[in-house]
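The values are calculated or read from the model by the stated rules, or taken from the named source; none is laboratory data. Treat the numbers as computed from the prediction; the structure is a model and nothing was measured. Only protein heavy atoms, including side chains, enter the accessible area calculation; ligands, DNA and RNA are left aside. Shrake-Rupley method; radii C 1.70, N 1.55, O 1.52, S 1.80 Å.
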Amino acid sequence: MELPAVNLKAILFIHWLLTVFAGLVEWVPNAYYLSNVSVLAIGVWAVAQRDSADAIFMFFFGLALTVVTDILIFALYYAGMEKRYDDTALRDLFRFSGGMAILSLLLKPLSCFFSYHMYCERGGECSVSFGFMNVSRDRASYQTIDHVDAPAEDKISPRSY
């Protein structure tokens with residue numbers, strides 16, 4: 001089954017837009033904005049260097065880390081801020097802002113999947129192991145450069161001038 005072609009720019013734009021919408025009301029700490037904007041900046045780097053496997057891997061890894069940090073931030077701050085905005089005129093705006101932040105969190109695993117696929121397309125190592133945790137490359141087809149072959153003997157006699 002062929003994966004659909006997803007543009008990295010579209011992923012960046014969607015997460016940027018959802019992060020902006022999540023910030024309409026002050027309810028999450030600055031760590032949320034700092035982590036998400038930093039990952040988006042790495043994504044811009046990955047767009048600028050289309051052949052860099054390192055840039056797309058850092059974007060993938062950053063997205064995976066922000067999934068964890070977003071879950072922690074929402075678990076720690078959402079309930080308290082919901083009570084704070086419950087009886088104010090900003091209640092609906094808070095709900096919209098929280099919904100956009102949660103939607104961003106729900107889309108991040110899908111974005112991680114597509115960015116990992118882009119990492120493999122750019123020449124990154126594509127080894128996913130669900131058994132024993134090991135990170136290794138298949139080096140069976142490579143020749144070692146440590147071993148120096150003996151020079152072949154010339155069967156042609158040297159010329160005499």
Starting from the residue with the highest accessible area, list VAL6, VAL68, VAL28 in decreasing order, probe 1.4 Å.
VAL68, VAL6, VAL28
To the nearest 10 square angstrom, what accessible area does ARG122 show with a 1.4 Å probe?
60
ASP86: accessible area at probe 1.4 Å, nearest 10 Å²?
70
Accessible surface of TYR77 - all protein chains present, 1.4 Å probe, nearest 10 Å²
90
Where Rh is the Kirkwood radius over Cα pairs, Rg/Rh for the stretch 1-79:
1.02
HIS15, HIS117, ranked by accessible area, largest first (probe 1.4 Å)
HIS117, HIS15
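If GLU82, GLU121, GLU26 are ordered by their accessible area, calculated over protein heavy atoms with a 1.4 Å probe, which sequence runs from highest to lowest? List each step's numbers first, then the result.
Details: GLU82 75, GLU121 130, GLU26 150 Å².
Largest accessible area first, the residues go GLU26, GLU121, GLU82.
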